[in-house]
Amino acid sequence: MKHLIHGYREFRATEWPKRRALFEELAARGQSPHTMVIACSDSRVDPTMIFNVGPGELFVVRNVANLVPPFMPDGEFHGTSAALEFGVTVLQVEDLIVLGHAMCGGIRALLDPSLAPPEFVVPWMRIADRARARALACDPVDPQTACEHEAVKVSLENLLTFPWIAERVADHRLRLHGASFDIRTGVLEMLKPDGDFAAA
């Protein structure tokens, strides 16, 4: 914890004065980010760093393996769905990115559930069962990467089960994007209309 407090003090001494006006403006007028990102909780994948943006520009929700569950308004606890509802219907973001990444531990657990804690991670990863099936059906050379890419596609499909997302996509108020970041090389790939990923 000491290094975090040290980092905060450096921020307060050096960065805060430079950004004070921005934070005061954000505090006064509220947030109005143009883009929402569904990213993985992995500590190596920071959307604000990858996209080189500052405070107030991205509305970010992070979870294991950057998964979007299907629309299920059943009164239970749905953190990712709640964030989607707020980002899309209240903040009215214009772009929504599902950001996967290389070497994802959640996807590794999807491919081999014996590697994952059983109480929450294994059930959560069932959201991406279709991704696992699709990836392995192609007999890929690299099942991990294939499954990471397919999981992004599954999340994009699940986004369209939310009626207020589907409606906004249909009338062009909202654009959906798939992406994958390779932490080994720093390369960002975007999902193309033909279903392949290519360098941005």
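Search region 151-200 for residues being within 22 Å of H34 (Cα to Cα), acidic (D, E) and out of contact with any strand residue (DSSP E or B) (no Cβ under 6 Å at 6 or more places or on another chain), and hand back the single one that is surrounded by the most Cβ atoms within 10 Å (Cβ to Cβ).
Of everything passing the filter in region 151-200, E157 is surrounded by the most Cβ atoms within 10 Å (Cβ to Cβ).
L96: touching a Gly at 6+ places or on another chain (Cβ under 8 Å) and either among the basic types (K, R) or at pLDDT 95 or above (or both), yes or no?
Yes, satisfied.
Of these, P47, P69, P73, P55, which one is free of Cβ contacts under 8 Å to residues at least 40 places away in the same chain and within 29 Å of P117 (Cα to Cα)?
Criteria check complete, one pass: P73.
Consider only pairs whose beta carbons are under 7 Å apart and that are at least six residues apart or on different chains; among these, list those whose first residue lies in region 25-37 and is under 25 Å from G100 (Cβ atoms) and whose second residue is assigned to a helix (DSSP H, G or I).
From residues that are under 25 Å from G100 (Cβ atoms), the pairs are M36/G87; V37/P47.
Hey, any hits in region 5-14 for a residue that's touching a residue at least 60 places away in the same chain (Cβ under 8 Å) and either assigned to a loop (DSSP other than H, G, I, E, B) or aliphatic (A, V, I, L, M) (or both)?
Step one: list which residues in region 5-14 are touching a residue at least 60 places away in the same chain (Cβ under 8 Å), which gives none.
No, region 5-14 contains no residue that is touching a residue at least 60 places away in the same chain (Cβ under 8 Å) and either assigned to a loop (DSSP other than H, G, I, E, B) or aliphatic (A, V, I, L, M) (or both).
Which of the residues that make up region 104-139 are exposed (fewer than 15 other Cβ atoms within 10 Å of the Cβ) and not in a helix (DSSP H, G or I)?
D112, P117, P118, E119, F120, C138, D139 - these are the residues of region 104-139 that are exposed (fewer than 15 other Cβ atoms within 10 Å of the Cβ) and not in a helix (DSSP H, G or I).
Could you check how many residues of region 22-49 are among the β-branched types (V, I, T), crowded, with 16+ Cβ neighbours inside 10 Å and over 20 Å from T89 (Cβ atoms)?
Residues meeting the conditions: 1.
What tally of residues in region 139-178 results from selecting those that are out of contact with any helix residue (DSSP H, G or I) (no Cβ under 7 Å at 6 or more places or on another chain), more than 11 Å from I107 (Cβ to Cβ) and not basic (K, R)?
Adding up the residues that qualify gives 15.
Check off (1) out of contact with any His (no Cβ under 6 Å at 6 or more places or on another chain); (2) surrounded by 12 or more Cβ atoms within 10 Å (Cβ to Cβ); (3) of a type outside the set (D, E, K, R) for N52 and give me the number that stays unchecked.
Going through the list (1) out of contact with any His (no Cβ under 6 Å at 6 or more places or on another chain); (2) surrounded by 12 or more Cβ atoms within 10 Å (Cβ to Cβ); (3) of a type outside the set (D, E, K, R), N52 breaks only (2).
Where the second residue is part of a loop (DSSP other than H, G, I, E, B) and not polar (S, T, N, Q) and the first is over 15 Å from N66 (Cβ atoms) and lies in region 127-152, which pairs have Cβ atoms under 7 Å and are six or more apart or on separate chains?
A146/C138; A146/P140
Counting just the residues of region 68-92 that are outside any loop (DSSP other than H, G, I, E, B) and under 12 Å from the mean Cα position of the chain (by Cα), which one comes out nearest to L176 (Cα to Cα)?
If we take residues in region 68-92 being outside any loop (DSSP other than H, G, I, E, B) and under 12 Å from the mean Cα position of the chain (by Cα), then L84 is nearest to L176 (Cα to Cα).
Taking only region 149-200 into account, find how many residues are out of contact with any His (no Cβ under 7 Å at 6 or more places or on another chain) and either aromatic (F, W, Y) or in a helix (DSSP H, G or I) (or both).
Total satisfying the criteria: 20.
For region 141-150, give me each residue that is over 16 Å from the mean Cα position of the chain (by Cα) and either at pLDDT 95 or above or surrounded by 15 or more Cβ atoms within 10 Å (Cβ to Cβ) (or both).
Residues satisfying the conditions are P143, Q144, T145, A146.
Output the number of residues of region 16-67 satisfying the condition of being among the basic types (K, R) and in a strand (DSSP E or B).
So the count comes out to 1.
The values are calculated or read from the model by the stated rules, or taken from the named source; none is laboratory data. The shown structure was predicted, so the numbers you read here are calculated from the model rather than taken from an experiment. Quick reminder, even Gly has a Cβ in these numbers, built from the backbone with ideal geometry, and neighbours come from all protein chains shown.
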